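S.K.: Supplied in C-alpha cells, the structure appears directly below.
The values are calculated or read from the model by the stated rules, or taken from the named source; none is laboratory data. Note that the structure is a prediction, hence the values are computed from the model and not measured. Cβ placement follows ideal geometry from the backbone for every residue including glycine, while neighbour counts extend to all protein chains displayed.
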Amino acid sequence: MLIEEIKRLKKEKNAVILAHFYQNDEIQDIADYVGDSLALSKIAANTDKDIIVFCGVFFMAETAKLLSPNKKVLLPKADALCRMAAMADYDELLAYKQANPDTVIVTYVNTRANIKALSDVIVTSSNAEKIIKNYKDQKIMYVPDKNLGLYLKDKLGYDIQVWPGFCYIHELLTVKDVERLRNEHPEAKLLIHPEAPLAVLKQADFVGSTKQILDYATNDPSQKYIIGTDKGIIHALKKANPNKEFHLLSRGLNCINMKKITLEDLYISLRDEVHEITVDEEIRKKAIIALDKMMELS
Ligand code: SF4
C-alpha cells in the first residue's frame, strides 16, 4: 500500500528518489537510483525532475541542493545527520585557512555547505585519490576524515595534513576484527572502505568506496568476501551477486543515522513535501566553485 502510494506520488509530482547504499533495504528497493555520494551527486546535478527526494543524511541532500538550486530537494527525516560532517567546524577551518593561505583545502563531500564554501576542491571516496594527484607538489589539508587523509598520504607520499574527524563506524574497526574474520573465513577476500584506520586498511585485499567495493566483488572470480563498510551495502552486493557469500567485518558497521528513513517517512515527505533543504545563496556560490572543481577533475 505504502509502496504503491509512493510510486503514485512520485509520478504525480515528477519526483526522483535517490538512495545511498547505506540505506535500509526497502528504501534501496523503491529508489530510482542507489549509489555512492559521487554517483548520486551527478544524478542530482543532471536530473530534469522537479523534486529530488534524497534518502541519505543531511549533507547529501544539501549537496544535491547546491548542485540543483532550482529543484525542490527533500530529506525524508530531518534529523538524519552525519556524525563525521559535524566534526568540521566553520570558525576553526576559517582560522586555519587564514593562517595557511598557501595550503590547498581538499574537503570530503561529507561536510556541511559552509565548510565546502571554504574549500578549494571537494572529493568523495570514489575520486579522492584521482583528484588529489592534481595537487602533488602542494601543501594539502584534508578535511575532515583523518583516516581517508592518512590513507592517501601513506599511498601517495604527498604533504597532506589531516583534520581530526572520523566516521564512528569505520573508526571502530580493528586488526583484531580482521584476524577473527580471517580465521572464520580463511578463503574470503577482505574489501574495506578507506574511512577505516590505516592499520586495518593495510590488511585489505582491496580498498575502495562503496561503489568500487560493489564493482570489485561483482567482477572478481572469488566466492567469499569480508566487507569492511556499513551493512547497508550487503543488500546491493547480494542483489548483484546472489551466489556469492558476504560477511560483515564487524557488527558495529551500522550507521544509525543512515537507517532512520522508513517507507512511511518517504511517503510523508513526498505527500507533504517535507523536509525541504535550503542553502544560503552566498554560501552556495562559494561551495559550488569547489564542487564544480570536483566535477571537472573526476
Ligand atoms: S557511515 Fe559514517 S560517514 Fe557515513 S553518514 Fe554515517 S557517520 Fe557519516
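S.K.: Taking the condition in contact with a Pro (Cβ under 7 Å, 6 or more places away or on another chain), modelled with pLDDT of 95 or more and assigned to a loop (DSSP other than H, G, I, E, B), does LEU253 pass? Write out each step before concluding.
M.R.: Working: in contact with a Pro (Cβ under 7 Å, 6 or more places away or on another chain): no; modelled with pLDDT of 95 or more: yes; assigned to a loop (DSSP other than H, G, I, E, B): yes.
Spelling it out, it is not the case that LEU253 is in contact with a Pro (Cβ under 7 Å, 6 or more places away or on another chain), modelled with pLDDT of 95 or more and assigned to a loop (DSSP other than H, G, I, E, B).
To keep it simple, each residue is scored yes or no on (1) closer than 25 Å to PHE58 by Cα; (2) in contact (Cβ under 8 Å) with a residue 40 or more places away in the chain; (3) among the aliphatic types (A, V, I, L, M); (4) in contact with a helix residue (DSSP H, G or I) (Cβ under 7 Å, 6 or more places away or on another chain).
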| site | (1), (2), (3), (4) |
| --- | --- |
| PRO197 | yes, yes, no, yes |
| SER209 | yes, yes, no, no |
| LEU214 | yes, yes, yes, yes |
| LYS224 | no, no, no, no |
| GLY232 | yes, yes, no, yes |
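S.K.: Picking from LEU148, LEU173, which residue would you name as being part of a helix (DSSP H, G or I) and under 18 Å from ASP230 (Cα atoms)? Working first, answer last.
M.R.: Values: LEU173 fails: part of a helix (DSSP H, G or I).
Only one candidate passes the filter, namely LEU148.
S.K.: Being free of Cβ contacts under 8 Å to residues at least 40 places away in the same chain and part of a strand (DSSP E or B) is the filter; apply it to the range 120-142 and report the residue that is surrounded by the fewest Cβ atoms within 10 Å (Cβ to Cβ). Write out each step before concluding.
M.R.: In the first step, residues of the range 120-142 are kept if they are free of Cβ contacts under 8 Å to residues at least 40 places away in the same chain; the result is 129, 132-133, 135-140, 142.
From what is left, the residues that are part of a strand (DSSP E or B) are 139-140, 142.
Values: LYS139: 13, ILE140: 23, TYR142: 27.
Within the range 120-142, the match that is surrounded by the fewest Cβ atoms within 10 Å (Cβ to Cβ) is LYS139.
S.K.: Further question: Answer yes or no: is there a residue in the range 122-141 that is more than 14 Å from the chain's Cα centre (by Cα), at pLDDT 95 or above and within 15 Å of the ligand (Cβ to nearest atom).
M.R.: no
S.K.: With the condition kept exactly as written, say whether any residue in the range 256-274 is farther than 28 Å from ALA117 by Cα, in contact with a Lys or Arg (Cβ under 8 Å, 6 or more places away or on another chain), at pLDDT 95 or above and in a strand (DSSP E or B).
M.R.: No, every residue in the range 256-274 fails to be farther than 28 Å from ALA117 by Cα, in contact with a Lys or Arg (Cβ under 8 Å, 6 or more places away or on another chain), at pLDDT 95 or above and in a strand (DSSP E or B).
S.K.: Does LYS71 meet the test of being in contact with an Asp or Glu (Cβ under 6 Å, 6 or more places away or on another chain) and either at pLDDT 95 or above or not assigned by TED's automatic domain parsing to the domain that holds GLU195 (or both)? Break it down stepwise before answering.
M.R.: Details: in contact with an Asp or Glu (Cβ under 6 Å, 6 or more places away or on another chain): no; either at pLDDT 95 or above or not assigned by TED's automatic domain parsing to the domain that holds GLU195 (or both): yes.
So LYS71 does not fit the description; no.
Residue by residue, here is whether (1) of a type in the set (A, V, I, L, M, F, W, C); (2) touching a Cys at 6+ places or on another chain (Cβ under 8 Å); (3) in a helix (DSSP H, G or I) holds:
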{"position": "ALA199", "(1), (2), (3)": "yes, no, yes"}
{"position": "ALA204", "(1), (2), (3)": "yes, no, no"}
{"position": "LYS211", "(1), (2), (3)": "no, no, yes"}
{"position": "ASP215", "(1), (2), (3)": "no, no, yes"}
{"position": "PRO221", "(1), (2), (3)": "no, no, no"}
{"position": "ILE226", "(1), (2), (3)": "yes, no, no"}
{"position": "LYS231", "(1), (2), (3)": "no, no, no"}
{"position": "ALA236", "(1), (2), (3)": "yes, no, yes"}
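S.K.: Another question, then. Could you run through the range 41-90 and say how many residues are away from the ligand (no atom under 13 Å from the Cβ), farther than 18 Å from HIS275 by Cβ and in a helix (DSSP H, G or I)?
M.R.: Matching residues across the range 41-90 total 7.
S.K.: Of all residues in the range 223-266, which are within 13 Å of the ligand (Cβ to nearest atom), buried (at least 17 other Cβ atoms within 10 Å of the Cβ) and among the hydrophobic types (A, V, I, L, M, F, W, C)?
M.R.: Matches in the range 223-266: ILE233, LEU253, CYS255, MET258, ILE261.
S.K.: Please specify each residue of the range 94-112 satisfying the condition of being under 21 Å from the mean Cα position of the chain (by Cα), surrounded by fewer than 24 Cβ atoms within 10 Å (Cβ to Cβ) and away from the ligand (no atom under 16 Å from the Cβ).
M.R.: Once the filter is applied, which keeps residues that are under 21 Å from the mean Cα position of the chain (by Cα), surrounded by fewer than 24 Cβ atoms within 10 Å (Cβ to Cβ) and away from the ligand (no atom under 16 Å from the Cβ), the range 94-112 yields only ILE105.
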